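**Student:** Take this structure first; my questions come after.
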Amino acid sequence: MRVVELASGGFSWNPVSDVTQMWAYPFMVNAFRAGAIVAVLAGCVGWFLVLRRQTFAGHSLAMVGFPGAAGATLIGVSASAGYFGFCVAAALVLAALPRAGRHSGGAEAALTGTVQAFLLACGYLFVALYKGFLNGVNALLFGSFLGITTDQVLVLFVVAAAALAGLAAVGRPLLFASADPDVAAARGVPVRALGTVFLVLVGATAAEVGQITGSLLVFALLVMPAATAQALTARPALGLALSVLLALAATWLGLVAAYYSPYPIGFYVSTFAFGGYVLARAGSGTLRTVRRLS
Amino acid sequence: MTAPVRAAALARAHSPGAALDQLAAGPLSHPYFQHALLAGTAIAAACGLVGYFLVLRAQVFTGDALSHTAFTGALGALALGYDLRLGLYATCVVVALLLGTLGSGAKADDVAIGSLFSWTLGMGVFFLTVYTTTRSTANGGAGTSVLFGSIFGLSSGQAWLAAAVGAAVCAALLALARPLLFASIDPDVAAARGLPVRALGYGFLVLVGVCAAEATQAIGSLLLLGLLAAPAGAAHRLTDRPYRALALAPILAVAEVVAGLGLGYAVPDLPPSFAVVATATAVYAAAYTVRPVAAAHARRTGRRRPADLPVFPLTDTGNPDRTTPSIRR
């Protein structure tokens, strides 16, 4: 990253020249494309995820991407295949479990936590077995935007398009089932099947996001923009649009900042997204207080 | 093991002390293994006890959040030129208290916790970059060793400190065990009877913070969750009686750590932290298969719990003979 900066001059506060300069590098163009694809998908899926209070399922699914990618590298398959394979498989397992997650009591949380730690340990084992790959750990866990190929962007695009199509297909009943599962079930909505389909979509999304922000920082794109949007508005259409917009802003700003500084992209994306979340929470809290007082 | 030692060990293979001798000549003859065993035992006992209450209070993921902040604390201290442990303990305890204030009643809400610790991790990567790019003496593997531990790399001083902290956490938790149990199971009744439920919650979170900071040095911040959740989860699964589970969790944890260290020693390709977590996961999985068998057996023989023993609604396993929660006072 430093090398690029030295070769092409620093940040100039002139957006046009900065962008043309960044986009002179094919890998940066690919990074912006990949970031946009991932942000749109994460914004949409994340909005439902926050609505359904399943954010920790998203977090756990994302962690699975680490052993997936490390294992794929160890046996010589592409890391993307490892991400998607492991995350979607983990989503199916999670859906088959009775009720996993934070709200289902300590015992299920202990199970989720154990599985999560075991999978991370497996990832570490794969990395240790694949000697000389220790620097790759940081890229896998905390993200990297260097070296995204056009093929990878294509894969990300196809998967994201499929996932968004799936989400659009189940969107309305899913909204109903998320808002009021009991009434939805009484009206004949297949609540359980919808939950499974949604978790698979979350798995695919977590795999995509993990390739940009790293497995550990998926929360930053998957949950934070959506939570910010829901803190600002309760209306579904507006909230979805806002969530996508915020995710896109965090990703692109993160890319620009990471390009012009030596720090990793995961740090920037999580900081921008978290800053937005804190501002939104503080802002809506103040607004409520003002309304109550007046 | 050198050749004469092995020969001697073989010669006495049939004497009762043979296994012990072999052990003394093998892993136990290495100082690094002794340190790992000392620190690992204390850390495991503390994690087992803390984990028991985390599972009971449905706060497992608070432990997860803390374990992530440990990474940032350690690297932040390194980046600023301080001792790694200073950052570890300070951040973990501060964040533990912060988590308590975020949610009501010292239980925080999902999205706020998740966002906070995700951002904290992001800060950790920032500090990692600062540390590796600005300090000339930087250890390039610092990030990995904080994330995944380096229990075989502990010095004697570090091991004794870990042992002392582990013992202190255990002692504090045992002293708090009775009121904390009460406050965890029925906070309203406990508050009505004059127990400082909130203060207990915060006190417990501080202990979780100290335990997380200490365990990070051994098995790493990412894998710490396994040591917190797996033995405690298994203990909850194996028995409904709180004091029995409270004893079982640290015993399981210590056994798992010792077995994991042995495995890590015997198979050099296996990182010891992986071996520990894998052992813990295997024991937890075994507890899952044992429980239905025991329940079926109890149903067949028609054995019931004596009425005067405390029955706590710890896990919802669909046990049909569970009565309403009652606490013997």
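The values are calculated or read from the model by the stated rules, or taken from the named source; none is laboratory data. On a predicted model such as this, the values are computed, not experimentally measured, just so you know. Note that each Cβ is placed from the backbone with ideal geometry, even for glycine, and that neighbours are counted across all protein chains shown. Side chains are part of the model used for accessible areas, which takes the heavy atoms of the whole protein and leaves out ligands, DNA and RNA. Shrake-Rupley method; radii C 1.70, N 1.55, O 1.52, S 1.80 Å.
**Student:** Which is hydroxyl-bearing (Ser, Thr, Tyr), at pLDDT below 85 and assigned to a loop (DSSP other than H, G, I, E, B), of B:THR144, B:THR133, B:THR137, B:THR101? Can you show your working first?
**Tutor:** Numbers: B:THR144 fails: assigned to a loop (DSSP other than H, G, I, E, B); B:THR133 fails: assigned to a loop (DSSP other than H, G, I, E, B); B:THR101 fails: assigned to a loop (DSSP other than H, G, I, E, B).
Going through B:THR144, B:THR133, B:THR137, B:THR101 in turn, just one is hydroxyl-bearing (Ser, Thr, Tyr), at pLDDT below 85 and assigned to a loop (DSSP other than H, G, I, E, B): B:THR137.
**Student:** Just to be sure I understand the filter: pairs with C-beta atoms under 8 Å, separated by 6 or more residues or on different chains, first member in the range B:144-169 and under 29 Å from A:SER215 (Cβ atoms), second member open to solvent by 20 Å² or more (accessible area, probe 1.4 Å) and not in a helix (DSSP H, G or I). Which pairs pass?
**Tutor:** Short answer, once both residue conditions are applied: B:SER145/B:ASN139.
**Student:** Looking for whichever is farther than 13 Å from B:SER221 by Cβ and either more than 12 Å from chain A (Cβ to nearest Cβ) or buried (at least 24 other Cβ atoms within 10 Å of the Cβ) (or both) here; the options are B:GLY51, B:GLY73. Which one fits? First the steps, then the outcome.
**Tutor:** Values: B:GLY73 fails: farther than 13 Å from B:SER221 by Cβ.
Testing whether each residue is farther than 13 Å from B:SER221 by Cβ and either more than 12 Å from chain A (Cβ to nearest Cβ) or buried (at least 24 other Cβ atoms within 10 Å of the Cβ) (or both) leaves just B:GLY51.
**Student:** B:GLY114: in contact with a Phe, Trp or Tyr (Cβ under 7 Å, 6 or more places away or on another chain), within 14 Å of chain A (Cβ to nearest Cβ) and at pLDDT below 85, yes or no?
**Tutor:** Numbers: in contact with a Phe, Trp or Tyr (Cβ under 7 Å, 6 or more places away or on another chain): yes; within 14 Å of chain A (Cβ to nearest Cβ): yes; at pLDDT below 85: yes.
In short, yes.
**Student:** Might you check whether a residue that is open to solvent by 30 Å² or more (accessible area, probe 1.4 Å), outside any helix (DSSP H, G or I), closer than 30 Å to B:THR132 by Cα and not small (Gly, Ala, Ser) occurs anywhere in the range A:262-282?
**Tutor:** Scanning the range A:262-282, I find at least one residue that is open to solvent by 30 Å² or more (accessible area, probe 1.4 Å), outside any helix (DSSP H, G or I), closer than 30 Å to B:THR132 by Cα and not small (Gly, Ala, Ser), so the answer is yes.
**Student:** Tell me whether the range B:259-282 contains one or more residues that are under 20 Å from B:LEU56 (Cβ atoms) and either within 11 Å of chain A (Cβ to nearest Cβ) or basic (Lys, Arg) (or both).
**Tutor:** Pass one, the range B:259-282, residues under 20 Å from B:LEU56 (Cβ atoms): B:280.
Going one step further and asking which of them are either within 11 Å of chain A (Cβ to nearest Cβ) or basic (Lys, Arg) (or both), we end up with B:280.
So far as the range B:259-282 goes, yes, one or more of its residues are under 20 Å from B:LEU56 (Cβ atoms) and either within 11 Å of chain A (Cβ to nearest Cβ) or basic (Lys, Arg) (or both).
**Student:** Would you check if there is a residue in the range A:211-225 being under 30 Å from A:PHE145 (Cβ atoms) and away from chain B (no Cβ under 14 Å)?
**Tutor:** Just the residues of the range A:211-225 that are under 30 Å from A:PHE145 (Cβ atoms), to begin with: A:211-225.
In the following step, the residues that additionally are away from chain B (no Cβ under 14 Å) were identified as A:211.
Scanning the range A:211-225 turns up at least one residue that is under 30 Å from A:PHE145 (Cβ atoms) and away from chain B (no Cβ under 14 Å).
**Student:** In the list A:LEU232, A:LEU222, which residue meets the criterion of being touching a residue at least 40 places away in the same chain (Cβ under 8 Å), of a type in the set (A, V, I, L, M), in contact with a Leu (Cβ under 8 Å, 6 or more places away or on another chain) and open to solvent by 10 Å² or more (accessible area, probe 1.4 Å)? Spell out the reasoning first.
**Tutor:** Numbers: A:LEU222 fails: open to solvent by 10 Å² or more (accessible area, probe 1.4 Å).
The match here is A:LEU232.
**Student:** Quick check on this structure: which one of A:GLY166, A:GLY171, A:GLY136, A:GLY143 is within 14 Å of another protein chain (Cβ to nearest Cβ) and under 28 Å from A:LEU51 (Cβ atoms)?
**Tutor:** Numbers: A:GLY166 fails: within 14 Å of another protein chain (Cβ to nearest Cβ); A:GLY171 fails: within 14 Å of another protein chain (Cβ to nearest Cβ); A:GLY136 fails: under 28 Å from A:LEU51 (Cβ atoms).
Unique residue meeting the criteria: A:GLY143.
**Student:** When the residues of the range A:241-261 are filtered to those that are small (Gly, Ala, Ser), in contact with a Phe, Trp or Tyr (Cβ under 9 Å, 6 or more places away or on another chain) and assigned to a helix (DSSP H, G or I), which remaining residue is nearest to B:LEU128 (Cα to Cα)? Walk me through it before giving the result.
**Tutor:** Step one: list which residues in the range A:241-261 are small (Gly, Ala, Ser), which gives A:241, A:243, A:247, A:249-250, A:254, A:257-258, A:261.
Still in the running and in contact with a Phe, Trp or Tyr (Cβ under 9 Å, 6 or more places away or on another chain): A:243, A:249-250, A:254, A:257-258, A:261.
Those still in the list that are assigned to a helix (DSSP H, G or I) too: A:243, A:249-250, A:254, A:257-258.
Details: A:SER243: 30, A:ALA249: 25, A:ALA250: 21, A:GLY254: 18, A:ALA257: 17, A:ALA258: 15 Å.
Out of the qualifying residues, it is A:ALA258.
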